Amino acid sequence: MDIAGQVPKVVLLPESLTMEELNNIMFIAKKGIAVSGSAASDRIKPLIGSFDVSDKDDGFVFRVALLYVEKNENVKCVVQDDGAVTISGATGSVGNSSVSFKLPAHVNSSTLKHVLNDGVLEGVVKKKQA
């Protein structure tokens, strides 16, 4: 995957991080992908499969394969105005996992639309107008 010409780095984090701690790490990492919960442990195979971010004229489209999340109501996707994205999901018997990454520009978080279909979460969010 290529976000704005750079290959992101994956950071495995302990389950005990607060959202503030996670946001601080992602701010420093800039082009990183943070994985926590059962996705970061050896309890299951990786939660995340294919990962893609597309930069469109007026927004971003991102797709993340969530291999063990089966129902749309089991996944939560939050986008901050600075482009920070956090996706968390219940994986049934093995627990909860999350992945965080940062889009290459500020966005209008209220425009986020996302759906989980066949194990792939697709999100669309508009860029912030200058």
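The values are calculated or read from the model by the stated rules, or taken from the named source; none is laboratory data. All figures in this text were calculated on a predicted structure; none of them were measured in a lab. Neighbour counts run over all protein chains shown; Cβ positions are idealised from the backbone, glycine included. Just the protein is used for accessible areas: all its heavy atoms, side chains included, with ligands, DNA and RNA removed. Shrake-Rupley method; radii C 1.70, N 1.55, O 1.52, S 1.80 Å.
Tabulated results
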| item | result |
| --- | --- |
| Exposure rank, largest accessible area first [Met19, Met26; 1.4 Å] | Met19, Met26 |
| Ile25 paired with His106, simple spin-label distance in nm, labels 7 Å along Cα-to-beta-carbon | 2.7 nm |
| Rounded to the nearest 10 Å², the accessible area of Thr18 at probe 1.4 Å | 70 Å² |
